[in-house]
Amino acid sequence: MAENDYAIVCTGLQKKFGAFTAVESLDIKVKKGEIFGFLGPNGAGKTTSIGMLTTLVTPTSGTAKIANYDLAGEGALVRSKVAVIPQEFALFKALTAMENFWYIGTLYGMKKEEITKRAEELLKVVNLYDKKDVISGGFSGGMKQRLSVAVGLLHEPEILFMDEPTTGLDPQSRIAIRELTKKLNQEHGMTIVYTTHDMEEADKICHRIVIMDHGNVIAQGTSDELKKKYGKGRVVELELDGFGEGRYDKKLLEELKKLADARDISVVEGRIELHINANDGQIVSKITKFLENKKASILEFKISEPSLEEVFLNLTKKDLRD
Ligand SMILES: Nc1ncnc2c1ncn2[C@@H]1O[C@H](COP(=O)(O)OP(=O)(O)OP(=O)(O)O)[C@@H](O)[C@H]1O
Ligand SMILES: [Mg+2]
């Protein structure tokens, strides 16, 4: 890919607060038009990274190009191309939805009619048009978050940074934010950098993901790539009619293990559990054919995929963070 096919390219971005290193070295490339996930335990450096990429936090060292502008030398141009939806809401609670747009739009030097026109469009995108004249302080968490996104889009940015947009929201509002994120990406062509602690959510909406811990990027790739590389593989559970009573059982287990190239095979409460590698696409048909040949009748056949949460815990370990 040519350099200008990327929305973000950064090399060795570092941030120290005094002697403390919040981000050791951020080296990432975000393609135009992708939803890029930032995952990591509390204190990993996600918000600091977003701060650096949006000019809110000055890097200690390193370089970055955001929307093809140089982060250090062209800060104002970078700011014109990005929007940040911060971890804490940044709305003016005493103002109505529309007044929030007027306030922010004026700061961007936009004319009132221009602001109103764009605000009306954006309020429709986030399903808040009928609330345009309602004081935003009384909105639910989900509505506030949607309004924050809409206000963030007022100056027509190309890259949207969403810092834990679904944290603290109810399931309905979380789904609404996810759908909105996908819509902005697919229909409006926005490049989106998205942080979340919800692994299932990241798996659902992010095209690619970085996992950070203690200020470092420790893994990156698509969800499938991460699962293949860092997941412990898949587990096949089998329940066979009459298994556990026959004298050929042990041999069957040995053959199954060999056939599936399994790392481990065990019998748990009469069920066979096979721990296999994640990348054998033929595994289901291989096992069923083998069992058919053995005239074994299958009562239950389950196969579980490695989850992104498992990958995350394998990489970041289970100890709690300060
Ligand atoms: N202004 C600051 N001064 C000193 N230390 C800071 C400052 N901002 C962040 N830190 C520290 O830098 C580290 C990274 O913080 P950051 O907010 O980037 O983490 P995070 O990955 O966003 O975490 P969370 O998931 O809790 O939002 C933390 O240890 C934090 O305490
Ligand atoms: Mg944060």
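The values are calculated or read from the model by the stated rules, or taken from the named source; none is laboratory data. Since the model is a prediction, treat every value here as computed from it, not as a measurement. Glycine gets a Cβ as well: all are built from the backbone with ideal geometry, and neighbour counts include every protein chain shown.
Points worth noting:
Matching residues to (1) of a type in the set (A, V, I, L, M); (2) assigned by TED's automatic domain parsing to the domain that holds Asn216; (3) within 16 Å of ligand 2 (Cβ to nearest atom):
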| residue | (1), (2), (3) |
| --- | --- |
| Pro41 | no, yes, yes |
| Gly45 | no, yes, yes |
| Gly51 | no, yes, yes |
| Gly62 | no, yes, no |
| Tyr69 | no, yes, no |
| Gly75 | no, yes, no |
| Val78 | yes, yes, no |
| Pro86 | no, yes, yes |
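- For the residues Val284, Val267, Val311, the requirement of being in contact (Cβ under 8 Å) with a residue 40 or more places away in the chain, among the hydrophobic types (A, V, I, L, M, F, W, C) and not assigned by TED's automatic domain parsing to the domain that holds Glu34 singles out Val311.
- Scoring Arg234 on the criteria (1) among the basic types (Lys, Arg); (2) at pLDDT below 85; (3) under 22 Å from Gly45 (Cβ atoms) leaves a single failure, condition (3).
- Criterion: within 16 Å of ligand 2 (Cβ to nearest atom) and farther than 23 Å from Ile209 by Cβ - qualifying residue of Ala22, Ala90: Ala90
Quick grid of which residues meet (1) of a type in the set (A, V, I, L, M, F, W, C); (2) at pLDDT below 95; (3) within 16 Å of ligand 1 (Cβ to nearest atom):
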site: Lys31; (1), (2), (3): no, no, no
site: Phe36; (1), (2), (3): yes, no, yes
site: Thr47; (1), (2), (3): no, no, yes
site: Thr58; (1), (2), (3): no, no, yes
site: Gly62; (1), (2), (3): no, no, yes
